[in-house]
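Take this structure, written in structure tokens, and hold onto it; I'll ask about it next.
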Amino acid sequence: MFNTQIKDGEYTTTVYTLIREDKHADVIRILQNELDRSPNSRAALSLLGYCYFQFQDFVMAADCYEQLCKLFPFNQEYRLYLAQSYFNAFQFQEAAAAVLEIDKPDLAPKVLKLEAAIRYREEDYHNARILVEQFDPDDTDIEINLACIDYKEANYHKALERFTSATAIHGYSNELSYAIALCHYELKAYAESIKLISDIIDYGIKNHPELGVGSMTDGIDVRSVGNTIILHESALIEACNLKFAIEYKLLNYSSALHALTDMPPRDEEELDPVTLHNHAIFHVNYDSADAFAKLQYLLSQNPFPPETFANLLLIYVKYSYFDLAADVLAEHAHLSLKYLPPYIFDYLDAVITQQTSPSDSYAKFDALSNELTTKMRKAKKKEDQGIETKNDLMIQEADQEYKELKEMFIPVLMGQANIYWIKKDYANVEKVFQRSVEFASDNDDFKLNVAHTLFMTGVKYKEAIGFYEPILNKHINKILDISAIVLADLCVCYVLSGQNETAEDVMREVERAEEITIANNPNQKIFHSCIINLVIGSLYCAKGNFEFGMTRVVKALDPYDKKLGVETWYYSKRCFISMIENLAKHLIPVRDSILNACLLFLEQCEIHGKNISTLSEDALNPTAEINIKKSVSYEARFLRALLLTYLDY
């Protein structure tokens, strides 16, 4: 921290030197001390307002310029700076009011630009365009401003053309390069967008090493760089957030995480709304409570990323907090019209309705499904017309439209099928899927859910294999990317179809992949082979072969410190309870060697399960302390006591 004690005669030199070195935080501390002594000091207030503005603290900058406007009401430059501060603090009504009081001819061009910017931020694009067209014809900012308006009006091709033209006039600019990358993103040209983003990041690394790009990814502990004007002009935060969006959309989660950690380091309270939103979205599966808290906080801010409202609702639904989703929709009805596309609103309405009236929910899903299938057929017809007329643009647009519609259709289809799935009416689930083969047959989620449905019928294991195997073959080189339960179900299908050797091959491949992963990251917990063994063990126990089944269960959790968890214990104890019940009724014989292995297993679970709860954690209300009677250790000790009682120990 800078020492605020300045020698006599060096005050002005020191302040301006610090400003020139972009050490605005230090200048702010010095000037605040000065204002304590002279509250109406024009020089101190003026410099303090400037430094707050450069430090991106626009509310405090506006406070300084408000005082200056009161002290010097005829200085219209201060009024302009006040309006600019209000504008950047998203106080648009105050900014517009301040602008109306400026009538100095020399400031007219700047006032006009600010008025256009206010209309733009207020989403009044028609009047914003009218004001921009009143700029001086020689003003090179006209093209950039019109491009921004075209982008907001979803005319991405025209916006891209204008931004490219502006780059030719102004030369390379990080902000213009980011704008072009954003247009490519909206046009689904992700490769071109990523290339421009890489250029922005490389430029930032080369020209601004003080921003520490990539330092968090490299594991270096560095101080926050703050929200400085240099960081803003570098467009690094915007570029990294756009890269995150692309990688996350393409399911490249490792690259998406690197996009977040590559950002210049800042403290959490300094994060901009988009970055905070992206952190919440990425970490929702790891820390749900924190992700919910961040999204709820963003929803209370002005402005917030437009996607926040829909994402919060969709995540509530994902974690089965249907009442909370309904409450949010009711409390923020005004946001629904603005931020929820009709498709998302109808989808959420159908999902929430399912909790009280499955039949009404099914009807809503069916209506949405019919609407989307009609649109998909029209898109296909348009593509065929493009092929006949050899219109490449028509083909490209129709193909993109079809893909987007299909991406919307799959969740609707799964929601509709889920109504029957909950009732365990697998025959009707099959019928729902059969009606949608035309549109969903090449979708991995569709194949996976069809496979699960066939598996649950209890007789169509060979048919299920036909849907599971393409997923296995697609990811065979990264087998751990496949859900453990999918691999477990596939192995069960192999076993019940008499293909035991094939099942063993899959399990060996999983074990090899786990060994490699653990060798590279010894602290990582991987449950794939564990869950496969548990599922197979449970299957044999359900069929009465407890000796083989319990052998699989005991093997599944070794080593206990890495495999024992809430879910793995849940499936393990079910097998133990079933075995003990059947032993007590004298319905099955189990060899002493197997029972001794079971006792040793329970003893190890008791040792390693002291800090593991038997209850799945509530995503909204995580508990720091574990109830001793709800711990794996307590339940393992209880089951061991029951087994010892049976053995007359």
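Name the one entry in Tyr151, Tyr203, Tyr178 that is crowded, with 16+ Cβ neighbours inside 10 Å and farther than 23 Å from Lys249 by Cα.
None of the other options fit; the residue is Tyr203.
To continue, here is another question. Please state which of the following conditions Asp366 fails to meet, knowing it meets all the rest: (1) over 17 Å from Ala280 (Cα atoms); (2) at pLDDT below 90.
Asp366 satisfies all of (1) over 17 Å from Ala280 (Cα atoms); (2) at pLDDT below 90 except (2).
A follow-up question, please. Going through the range 111-159 one residue at a time, which ones are in a helix (DSSP H, G or I) and either on the phi > 0 side of the Ramachandran plot or acidic (Asp, Glu) (or both)?
Correct list: Glu115, Asp141, Glu143, Asp150.
Moving on. For the condition in a helix (DSSP H, G or I), within 39 Å of the chain's Cα centre (by Cα) and either of a type in the set (Phe, Trp, Tyr) or surrounded by 13 or more Cβ atoms within 10 Å (Cβ to Cβ) (or both), what is the one hit in Phe53, Phe90?
Answer to the check: Phe53.
Taking Thr140, is it surrounded by 14 or more Cβ atoms within 10 Å (Cβ to Cβ) and either more than 30 Å from the chain's Cα centre (by Cα) or acidic (Asp, Glu) (or both)?
So Thr140 does not fit the description; no.
So, one more: Quick one: would you say Gly386 is touching a residue at least 24 places away in the same chain (Cβ under 8 Å), assigned to a helix (DSSP H, G or I) and farther than 18 Å from Ala451 by Cβ?
Against the criterion (touching a residue at least 24 places away in the same chain (Cβ under 8 Å), assigned to a helix (DSSP H, G or I) and farther than 18 Å from Ala451 by Cβ), Gly386 does not qualify.
Show the residue pairs that are 6+ apart or on different chains and have beta-carbon atoms under 9 Å apart, the first residue being within the range 428-447 and under 19 Å from Pro470 (Cα atoms) and in contact (Cβ under 8 Å) with a residue 24 or more places away in the chain, the second being surrounded by fewer than 14 Cβ atoms within 10 Å (Cβ to Cβ) and among the hydroxyl-bearing types (Ser, Thr, Tyr).
Short answer, once both residue conditions are applied: Lys447/Ser441.
Give the range 510-557 a look and list any residue that's surrounded by 19 or more Cβ atoms within 10 Å (Cβ to Cβ) and of a type outside the set (A, V, I, L, M, F, W, C), or say none.
Glu514, His528, Ser529, Asn533, Gly537, Ser538, Tyr540, Gly549, Arg552
Give me the residue from the range 553-593 that is closer than 18 Å to Lys543 by Cβ and among the aromatic types (Phe, Trp, Tyr) and, out of that set, nearest to the chain's Cα centre (by Cα).
Tyr571
Pairs under 6 Å by beta carbon, first residue more than 16 Å from Lys585 (Cα to Cα) in the range 638-649, partner surrounded by 12 or more Cβ atoms within 10 Å (Cβ to Cβ), six or more apart or different chains?
Leu639/Phe576; Leu639/Leu602; Arg640/Leu602
Is one or more of the residues making up the range 371-380 part of a helix (DSSP H, G or I), at pLDDT below 95 and more than 30 Å from Val429 (Cβ to Cβ)?
Within the range 371-380, not a single residue is part of a helix (DSSP H, G or I), at pLDDT below 95 and more than 30 Å from Val429 (Cβ to Cβ).
Restricting the range 317-353 to residues that are part of a loop (DSSP other than H, G, I, E, B), on the phi < 0 side of the Ramachandran plot and of a type in the set (Ser, Thr, Tyr), which is surrounded by the fewest Cβ atoms within 10 Å (Cβ to Cβ)?
Of everything passing the filter in the range 317-353, Tyr319 is surrounded by the fewest Cβ atoms within 10 Å (Cβ to Cβ).
Shifting gears a bit: Which of the helices (runs of 4 or more DSSP H) contained wholly in the range 512-570 include at least 2 residues that are at negative phi, among the hydrophobic types (A, V, I, L, M, F, W, C) and in contact (Cβ under 8 Å) with a residue 24 or more places away in the chain?
Per the criteria, 528-542, 546-556.
What number goes with the only condition from (1) surrounded by fewer than 13 Cβ atoms within 10 Å (Cβ to Cβ); (2) part of a helix (DSSP H, G or I) that Thr356 does not pass?
(2)
Among the residues of the range 496-509, how many are surrounded by fewer than 17 Cβ atoms within 10 Å (Cβ to Cβ) and either in contact with a Gly (Cβ under 9 Å, 6 or more places away or on another chain) or farther than 16 Å from Asn473 by Cβ (or both)?
Matching residues across the range 496-509 total 6.
Ok, one more. Would you call Ile479 free of Cβ contacts under 8 Å to residues at least 60 places away in the same chain, surrounded by 20 or more Cβ atoms within 10 Å (Cβ to Cβ) and under 26 Å from Asn443 (Cα atoms)?
In short, no.
For residues in the range 241-260 being in contact (Cβ under 8 Å) with a residue 40 or more places away in the chain and surrounded by 15 or more Cβ atoms within 10 Å (Cβ to Cβ), which is farthest from His475 (Cα to Cα)?
In this case the residue turns out to be Leu242.
Hey, among Asn155, Asn145, Asn174, which residue is among the polar types (S, T, N, Q) and in contact (Cβ under 8 Å) with a residue 60 or more places away in the chain?
Asn174
The values are calculated or read from the model by the stated rules, or taken from the named source; none is laboratory data. Just so we're clear, the structure is a prediction, and the values are computed from it rather than from any experiment. With ideal geometry, Cβ positions are generated from the backbone for all residues, glycine too; neighbour counts draw on all protein chains shown.
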